[in-house]
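The values are calculated or read from the model by the stated rules, or taken from the named source; none is laboratory data. Only a predicted model underlies this, so the values are computations on that prediction, with no experimental measurement involved. As a convention, Cβ positions derive from the backbone with ideal geometry for all residues, glycine included, and neighbour counts pool all protein chains shown. Note: accessible area is taken over every heavy atom of the protein model, side chains too, but ligands, DNA and RNA are not part of it. Shrake-Rupley method; radii C 1.70, N 1.55, O 1.52, S 1.80 Å.
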Amino acid sequence: MANMAQAIRMALHYAEEHLGVTDIFGEDVGAPLGGVFTCTQGLKTAWNSPLDERGIIGAAMGLAMAGNRPVAEIQFCDYIYNTIDLLKLAGNTHWSTNGDWALPMVVRTPVGSGIRGSLYHSHSFDATMTHIPGWKVVMPSTPLDAYGLLISACQDPNPVMFLEPKALLRVKGDERIPGEPEDDRALSKMIDAPLGDRSQWKPQWPALEAFAIPIGKGKLVREGTQATVVSYGRTMPLCIKAASQLAEEGLSVEVIDMRSLWPYDWEMIKASVQKTGRVLFVNEDTEVTNFGEHLVRRTVEELFYSLLAPPRLVAGKFVPGIGLADALEMASVPQQNDITTALRTLCREQP
Amino acid sequence: MSRPRLIKENSAPLSLPREQLIRIHDLMVKARVLEERLIQMYKQGHGYFWIGGPGEEAFNVPLGLLMKVGEGPAYDYLHAHYRQSATLLAMGEEPIGALRQMKNTATDPYSGGRNFAGHFSRRSKNIAPITSPIEVQYAIAPGSAMAQKRHGGDGITIVTGGDAGTAEGDFASCLVWSSRPANPLPILIIVTNNKWGISTTADGQHGETNISDRARAFNIPAKTINGNDPVESYQELQAAMDYVRKERKPFFIEARVSRLYGHSSASGANFVNEEQDCLRLFEARLEQEGILDRKQMDEARNRYTEELAAAARTVRDEPQPSGDSIWDHIYAEKK
Ligand SMILES: Cc1ncc(C[n+]2csc(CCOP(=O)(O)OP(=O)(O)O)c2C)c(N)n1
């Protein structure tokens, strides 16, 4: 099965061929590197931009205004902060012009911890991004979801922020991308650029099929009756593992992958919380003014009388950065044990 | 790199066809009367904020007249700032739209009552939304220029902004992105230099001799012109646009202009006597060369004054947007 980086590359190839994507660009996105995480290797419209994040977001807006369909990359989300006002502008252009202009553009950026990236290659961007109206915001946790969400993003007439959990970019999926070959090594031979001289290399793309995951739809990953855990991105597989482990202890946890942060699948969350009466939200962004806090607030306001325990949030610590040493990173963002413990406590909590 | 030679240029003969001079004059008057009406509306409490371009008509009218107006990459894109009502009128916009935006009515054609005066936007004419953050348009403009280069034809991108704003990084972004040898862009980069930020003078803001000198470092041909002279503006813009259209490469123009009513309503919006008034200077020359007489010019002004007074009365009775319309147009629908 493909990993997420390969899935993203295949979705972009599909989008170049079938969805009118004209430009895939950013720092080191074009040949020879194809992106620092290899997500853009071998793509025919990929090109290297100047080292200028504001220029990248601005150019994407201008291209989109002129009827093109750009997919811009910011190398690490830690460096997207100097474009915040342009992101705000991209989000409000349709509204401020009373519906006259639309910006069909996608911005991709890797987020979160997991590669021992220290202070400036580990940050999350979900809380900040969900604070900017007019954008759609998605974050896959599996290669197939990455493929399907990116295809939807490239079809959307609005700006879409595609957050890539960098810890999961090299993780293989359990599901096949429609059209990918059975053999993983065969896939790698076809679409991964060789080491060394790549000047003569051309990818051989598999015959990919259309597969779109609608933006705004969550995924019920596992059914359960005693508690609900809602997550996305890097912490998602940890939540799934926690649910399996707790099942062995006789605790039944329902697992939801949000996939889309804005708009999001409140109906799915609501139905689950009404069933289980207990909910834990998990993400790794810093915990103060966290997107999970919004979900907790909405749960309290709308589902208070269904609750058997206070809704809870496990998130990153509110510290200025993620330190390089292993122990520092581990202490800063949720780990497997934090989630399992929080869920166990939640399941046992009685009104 | 020529420095402005105001006195000499202003007494030079008017080397454009007579009809063209009359047309430019007419639009300059129309734009001036529009801005004065907007200021009056603001002062009478029919709007919350005024910012606009009285004093820049001699440059902005020729710019609008020379643009290839239409929708899509075959036509010119304008990424402007908030002092360009005269360009918009020269591009065929009706002045009542600006009044509607001042009064923030539901009928405001540019934003439906959502945005400030002077913040125009019109997709059917490739007028990119004008926004309040200074200079962001310089980061966005290379994108439409890239699309135009790929599209072919002779459509170009035009970006304008103020001199103080050139201190922002987006201005440098524009020079960098427009002049990369791997992909030079068909873009006309314009700075209208009125020598002021809001209250910060040019010498507190930047130290180059001419702002256009900054283009040299990027091998972008550049000129500093007297933007208070409509004939010089027309001819220099025409030459620059021809170059960009044909060569598909950037050109840079710095236009020295006046700021006749201060920065905006925030600084009072009162007439500043010390600034050169491009309209008065042009009218003296038109009269001197026998192209228009005082009576004809007064008639034009009176006609527009009456027209805009009537338009203001119309706008006064138009509805405001309803509160629940805040939910409209957050997202575009798939077509
Ligand atoms: C990014 C940003 N910072 C500050 C402001 C506030 N502001 C509005 S106009 C202005 C001065 C602009 O001067 P200049 O660029 O010379 O243009 P002018 O208004 O003189 O035409 C400032 C500081 C703003 N609108 N945007």
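Pairs of lysine residues in chain B that meet both criteria, 8 or more places apart or on different chains and Cα atoms under 24 Å apart, total 25. All distinct Cα pairs of the protein assembly as shown go into the 1/r average, and the inverse of that average, the Kirkwood radius, is 27.4 Å. Overall shape: prolate for the range B:26-90, with the ratio a/c of the largest to smallest alpha carbon gyration tensor axis at 1.5 or above and a/b above b/c.
Of the residues B:Thr105, B:Pro129, B:Ile140, the one whose Cα sits farthest towards the positive end of the charge dipole of the range B:90-148 is B:Thr105 (charges of +1 on Lys and Arg Cβ, -1 on Asp and Glu Cβ, taken about the Cα centre).
Taking all protein chains into account, the per residue accessible area for chain A stands at 38 Å² (1.4 Å probe). Say R0 is 45 Å: what FRET efficiency, to the nearest 0.05, do B:Ala217 and A:Gln245 get from their beta-carbon distance? Efficiency, rounded to the nearest 0.05: 0.15. Annotation for B:Ile330 and A:Arg198: the two label points, set 7 Å from Cα along the Cα-Cβ direction, are 4.0 nm apart. Name the shape class, rounded, prolate or oblate, that the alpha-carbon gyration tensor gives for the range A:57-105, where a ≥ b ≥ c are the square roots of its eigenvalues, rounded holds for a/c under 1.5, and otherwise prolate holds if a/b is larger than b/c and oblate otherwise. Oblate. Taking the Cα centre of chain B as reference, the dipole from Cβ charges on Lys and Arg (+1) and Asp and Glu (-1) amounts to some 680 debye.
Taking the Cα centre of the range A:296-351 as reference, the dipole from Cβ charges on Lys and Arg (+1) and Asp and Glu (-1) amounts to some 140 debye. With a cut-off of 8 Å between alpha carbons and a minimum separation of six or more residues, what is the relative contact order of chain B in percent? Once normalised by length, the contact order is 23 percent.
On association of chains A and B, roughly 3200 Å² of accessible area becomes buried (total for both chains; probe 1.4 Å). Cβ-Cβ distance of B:Asn273 and A:Arg298, R₀ of 51 Å, FRET efficiency by 1/(1 + (r/R0)^6): the value works out to about 0.30.
Counting charges near B:Pro133 (Lys, Arg +1; Asp, Glu -1) among other residues having Cβ under 12 Å from its Cβ returns a value of -2. The tail of the calculated P(r) for chain B beyond 31 Å holds 30 percent of all Cα-Cα pairs.
To the nearest 10 degrees, how steep is helix A:4-18 against the longest Cα principal axis of chain A, on a 0 to 90 scale? Once rounded, one gets 50 degrees.
Projected over every direction and averaged, the convex hull enclosing the alpha-carbon atoms of the range A:114-263 yields 12.0 nm². Debye calculation, C-alpha points only, no solvent: report log10 I(q)/I(0) for the range A:19-106 at q = 0.17 Å⁻¹, in the same order as the q values. Relative scattering, expressed as log10 I(q)/I(0), comes to -0.68.
May I ask for the net charge around B:Asn183, where only other residues with Cβ less than 15 Å from the Cβ of B:Asn183 are counted and Lys, Arg are +1 while Asp, Glu are -1? Result for the local shell: +2.
Simple spin-label estimate for B:Glu289 and A:Ile84 gives 5.3 nm between the two label positions (7 Å along the Cα-to-Cβ direction from each Cα). Projected onto planes of every orientation and averaged, the convex hull of the alpha-carbon atoms in chain A covers 17.9 nm². Multiplying the residue separation of A:Thr289 and A:Leu308 by 0.36 nm and removing their Cα-Cα distance gives an extension gain of 4.4 nm. Can you tell me the FRET efficiency between B:Gln235 and B:Thr209 if r is taken as the Cβ-Cβ distance and R0 is 25 Å, rounded to the nearest 0.05? Efficiency at R0 = 25 Å is approximately 0.60. Check which residues have an amide H placed less than 5 Å from A:Val137's amide H, if you skip close sequence neighbours. Residues meeting the amide H criterion: A:Met161, A:Leu261, A:Trp262.
Just checking the listed ones, B:Asn60, B:Asn210, B:Asn270: in the Gaussian network model of chain B with Cα springs under 10 Å, the one fluctuating most is B:Asn270.
Each Lys and Arg Cβ is given +1 and each Asp and Glu Cβ -1; about its Cα centre, chain A then shows a dipole of about 280 debye.
Here the range A:60-176 has 54 percent of its accessible surface on carbon and sulfur atoms, given a 1.4 Å probe and all protein chains in place.
Taking a straight Cα-Cα cut-off under 25 Å and skipping sequence neighbours fewer than 8 places away in the same chain, the lysines within cross-link reach of A:Lys317 are A:Lys166, A:Lys241. Its Cα gyration tensor gives the range B:86-152 an equivalent ellipsoid. The semi-axes, each the square root of 5 times an eigenvalue, are 25, 14, 10 Å from largest down.
Ranking A:Cys77, A:Ala127, A:Gly117 by how far each Cα lies toward the positive end of the dipole of the range A:31-171 (charges on Cβ) leaves A:Gly117 at the top.
For the residues of B:171-177, the average number of beta carbons from a partner chain within 10 Å of their own beta carbon is 4. Taking amide H as placed 1.01 Å from N in the peptide plane, B:Ala222 has its amide H under 5 Å from the amide H of B:Phe252, each at least 5 places away in sequence or on another chain.
Backbone N atoms of the range A:123-139 closer than 16 Å to the 7 Å Cα→Cβ label point of A:Phe318 belong to residues A:127-128.
Quick one: grab the alpha carbon gyration tensor of the range A:239-351, order the square roots of its eigenvalues as a ≥ b ≥ c, and give me rounded if a/c is under 1.5, else prolate or oblate depending on whether a/b is larger than b/c. Oblate, because a/c is 1.5 or more while a/b does not exceed b/c. Taking the square roots of five times each eigenvalue of the Cα gyration tensor of the range B:1-136, the equivalent ellipsoid has semi-axes of 27, 18, 14 Å, listed largest first.
Keeping every protein chain present and rolling a 1.4 Å probe, give me the accessible area per residue for chain B in Å². Normalised by residue count, the accessible surface of chain B is 40 Å². With K and R counted +1 and D and E -1, the other residues having a Cβ less than 13 Å from that of A:Ile84 yield a net charge of -1.
In order along the range B:229-244, the phi-based Karplus estimate (6.51 cos²θ - 1.76 cosθ + 1.60, θ = phi - 60°) of 3J(HN,Hα) comes to 10, x, 6, 4, 4, 4, 5, 5, 5, 4, 5, 5, 5, 4, 4, 5 Hz; Gly and Pro are listed as x. Remark: the B:Ala106-B:Arg18 segment gains 27.6 nm on full extension, using 0.36 nm per residue and subtracting the alpha carbon distance.
For chain B, the share of accessible area belonging to carbon and sulfur comes to 51 percent (1.4 Å probe, ligands and nucleic acids excluded). Taking the range A:147-176 and a reference point 7 angstrom along Cα→Cβ of A:His18, the backbone N atoms nearer than 19 Å belong to A:147-157, A:175-176.
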